[in-house]
Structures are given as C-alpha cells and as structure tokens.
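The values are calculated or read from the model by the stated rules, or taken from the named source; none is laboratory data. Not measured: the values here are computed from a predicted model. Cβ placement follows ideal geometry from the backbone for every residue including glycine, while neighbour counts extend to all protein chains displayed.
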Amino acid sequence: MNQTLAMAGFALAASITPGPVNIVALSCGAQHGARAGMRHVGGATVGFTLLLLLTGLGLEQTLRQWPALTQALQWAGVAFLLYMAYQLARSDGALDWDKSGVQPGWWRGAAIQWLNPKAWVAALAGCAAFTSGQDAMALWRFAALYFLICYASVACWVLAGAWLGQKLASPGRLRRFNQAMAVLLGLSALGLLT
C-alpha cells in the first residue's frame, strides 16, 4: 500500500505542476471550452501512459545505448514546443476553430507528451523509482494509476482555462492571454535545454 501511495504522489506531482502540456491545456480550455479541451486531455493522457509503459519495458535501455537519439528527441521536443508557442502567440483571440491558434486535439495532445522533455524525465524517473524492470505487475499498476491521475490533472487545467475563457470574454483579452501563455510555453521549452 505504501508503494501505491508513493506512486500516486509522484504521478500527482509530475502531472499537476505547470509544464508545456498543462500550459497548452489551459489555453485550449480558455479558447475552445472544456468540452473541446478534453480531446487534448485524452491524447495527453494516453500519450504519456504509452511513453511510461514503453520506458518501463526497455525504451530506457535503448536511449542509454543511443545518447544521440536522446539528444535528438530533446531538440525535437523543444522545437515542437516553440512551434506551439508561436501558434499561441499568433492567435487572434477569435473563438472560431478554423482561425484560432492551438486547437485541442487528441493527436496533438499525445504528440506533445512524446516531444515533451518533462514527460520523458517523469517516465524515466518514475520507472526507476517504482518498477525494477523485472516486476511487470508494478509497471502496469503504476501506469494505470498514472493514467487516472494524469487525466484528472490535465483536465483541471482545461477546466481552469474554460473558467478563464468566460472571464476573458472579448477576443482582445483572449489574444493577450494566449500571448502570455505563449511566452510561458516558450520559456518552459527553452528552460528544458539546461
């Protein structure tokens, strides 16, 4: 039971704290509402859970053998996050799906996890701490627990964004909000290089 509580605490701390996925979730909720933002939540949750499982099943060893691949993933992740920040910054604040910046989507939510260095660190650290590599049941238990906590955590950011979106009812306010989120996302991406 203590290990399960430790797993849950780790998953909550890694999932609820600000980071690229949650910044995008907040912006999606503000611009598109909770219902549309939940597609991002689903994709981000499935994407991370798959990353966690594959890490526990041996992806970590592959990355150790190919350090250049790890470096390439880090740079690709930062480039993708900077692209997402650019999309947010150029958003006009309109609530029209076709014209707005970062649109919530299942595949985009999943991709941002795979290109998010924070997600890789969480998967690697979590597997090292809670699964021994030989204990498949611990890995599956950790992944199931993480799935639930990640979903709830990212959903909280979407819901907070939806609430903010109601308060920022004009396109100008929403545009300034998205620009602020773009700066935070860009800084978050650049901070991952250190």
Seminar exercise, completed: The correct count of residues that are hydrophobic (A, V, I, L, M, F, W, C), over 16 Å from I112 (Cα atoms) and crowded, with 23+ Cβ neighbours inside 10 Å in region 2-35 is 2
For this session: Could you please let me know if P67 is at pLDDT below 80 and either under 30 Å from L174 (Cα atoms) or in contact with a Lys or Arg (Cβ under 7 Å, 6 or more places away or on another chain) (or both)?
Result: no
For this session: With the condition kept exactly as written, say whether any residue in region 135-157 is closer than 12 Å to A30 by Cα, over 16 Å from the mean Cα position of the chain (by Cα) and surrounded by 14 or more Cβ atoms within 10 Å (Cβ to Cβ).
Result: no
Exercise. When only residues in region 170-194 that are over 16 Å from C28 (Cα atoms) and of a type in the set (S, T, N, Q) count, which is modelled with the lowest pLDDT?
Worked result: T194
Seminar exercise, completed: When A138 is run through (1) at pLDDT 80 or above; (2) under 30 Å from G33 (Cβ atoms), the failure sits at (2)
Exercise. Quick one: would you say R35 is part of a helix (DSSP H, G or I), in contact (Cβ under 8 Å) with a residue 40 or more places away in the chain, charged (D, E, K, R) and out of contact with any Cys (no Cβ under 6 Å at 6 or more places or on another chain)?
Worked result: no
Problem set entry | Residue count, region 146-181 (criterion: more than 30 Å from T4 (Cα to Cα) and in contact with a Ser or Thr (Cβ under 7 Å, 6 or more places away or on another chain)) | 4
Exercise. What are the residues in region 12-44 that are out of contact with any Gly (no Cβ under 8 Å at 6 or more places or on another chain) and polar (S, T, N, Q), if any?
Worked result: S15, T17, N22
